[in-house]
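Worksheet for the structure shown next.
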Amino acid sequence: MSEDRACVDLRGPFAGTSGHLDAPYWQTPMPVIDRMLNLAEAGPGDTLIDLGCGDGRIVIAAAKRGARAIGVDIDAARIAEAEAAAREAGVADLTAFRCEDLFATRLEEASIVSLYLAGHVNRMLAPRLRAEPRPGARIIGYCFPMPDWPPEVSETFEHVALSLWRVPPRP
Ligand SMILES: C[S@@+](CC[C@H](N)C(=O)[O-])C[C@H]1O[C@@H](n2cnc3c(N)ncnc32)[C@H](O)[C@@H]1O
């Protein structure tokens, strides 16, 4: 069986539908988010997309640095929490949240994509992450590697691996 076929099988028949998560809901600690956004040099002029945004904490932190930021999550409860948190933080005008399957999210407008998902999900996303965002865009990942795509920067921060990949120039 090919690795890609194994990944599709791992997702299961109901993947991408409400209540069938490709990764469980865990939160990235705030100090780690600061470090990830520093690695990506996030700031005004950036558009960050967080695939699987949970309570919106990465999106909100990026918006506080002046970036436009978009969060996508398949769980409607998470999206409601994220929207409320963005209003509370005073960054609703810089943020947008969408309840959708991250495999359906287009990445062309992203200058930064953030990922805290699972190894097999990274594997499935990798071809699109290399091709869709603008060349030079940064991919920042918490915990999980990207098979067959060595990161430009990799470090251990608070006992967990952080990685940064850069989208290559178009051939
Ligand atoms: C490990 S949490 C990360 C949350 C947030 N990005 C953070 O770092 O704090 C993974 C998130 O992905 C969401 N998720 C899982 N499968 C998804 C899918 N197919 N499409 C969109 N979101 C998904 C879950 O609901 C969960 O909120």
Can you tell me which of (1) under 29 Å from THR156 (Cα atoms); (2) of a type in the set (Gly, Ala, Ser); (3) within 13 Å of the ligand (Cβ to nearest atom) is the one SER18 doesn't meet?
(1)
Only one of (1) over 24 Å from HIS159 (Cβ atoms); (2) assigned to a helix (DSSP H, G or I) fails for ILE70. Which number is that?
(2)
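Of all residues in the range 123-135, how many are within 12 Å of the ligand (Cβ to nearest atom) and modelled with pLDDT under 95? It would help to see each step written out before you state the result.
If we filter the range 123-135 for residues that are within 12 Å of the ligand (Cβ to nearest atom), which is where we start, we get 124-125.
Filter once more, so that each one left must be modelled with pLDDT under 95: 124.
Total meeting the criteria: 1.
So if I check each of ASP4, ASP34, which one is under 22 Å from ALA126 (Cβ atoms) and either modelled with pLDDT under 95 or part of a helix (DSSP H, G or I) (or both)?
On the way: ASP34 fails: under 22 Å from ALA126 (Cβ atoms).
Residue meeting the stated conditions: ASP4.
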So ARG78 ticks every box in (1) outside any loop (DSSP other than H, G, I, E, B); (2) in contact (Cβ under 8 Å) with a residue 60 or more places away in the chain but one. Which box is left unticked?
(2)
Among ALA63, ALA84, the single one that is free of Cβ contacts under 8 Å to residues at least 60 places away in the same chain and surrounded by fewer than 17 Cβ atoms within 10 Å (Cβ to Cβ) is ALA84
Name the single residue that is nearest to the ligand (Cβ to nearest atom) among those in the range 88-110 being crowded, with 20+ Cβ neighbours inside 10 Å and touching a residue at least 60 places away in the same chain (Cβ under 8 Å).
LEU102
Count, please, the residues in the range 10-25 that happen to be out of contact with any strand residue (DSSP E or B) (no Cβ under 9 Å at 6 or more places or on another chain) and either farther than 21 Å from GLU81 by Cβ or of a type in the set (Ser, Thr, Tyr) (or both).
7
Of the conditions (1) of a type in the set (Ser, Thr, Tyr); (2) surrounded by 13 or more Cβ atoms within 10 Å (Cβ to Cβ); (3) over 26 Å from ALA92 (Cα atoms), THR17 fails just one. Which one is it?
(2)
Which condition from (1) touching a Ser or Thr at 6+ places or on another chain (Cβ under 9 Å); (2) of a type in the set (Val, Ile, Thr); (3) more than 8 Å from the ligand (Cβ to nearest atom) is the one that ILE79 breaks?
(1)
Looking at the structure I just gave you, is THR28 surrounded by 13 or more Cβ atoms within 10 Å (Cβ to Cβ), assigned to a loop (DSSP other than H, G, I, E, B) and among the β-branched types (Val, Ile, Thr)?
yes
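The values are calculated or read from the model by the stated rules, or taken from the named source; none is laboratory data. These numbers come from a predicted model, not from an experiment. Cβ coordinates were reconstructed from backbone atoms using ideal geometry, including for glycine residues, and neighbour counts include every protein chain displayed.
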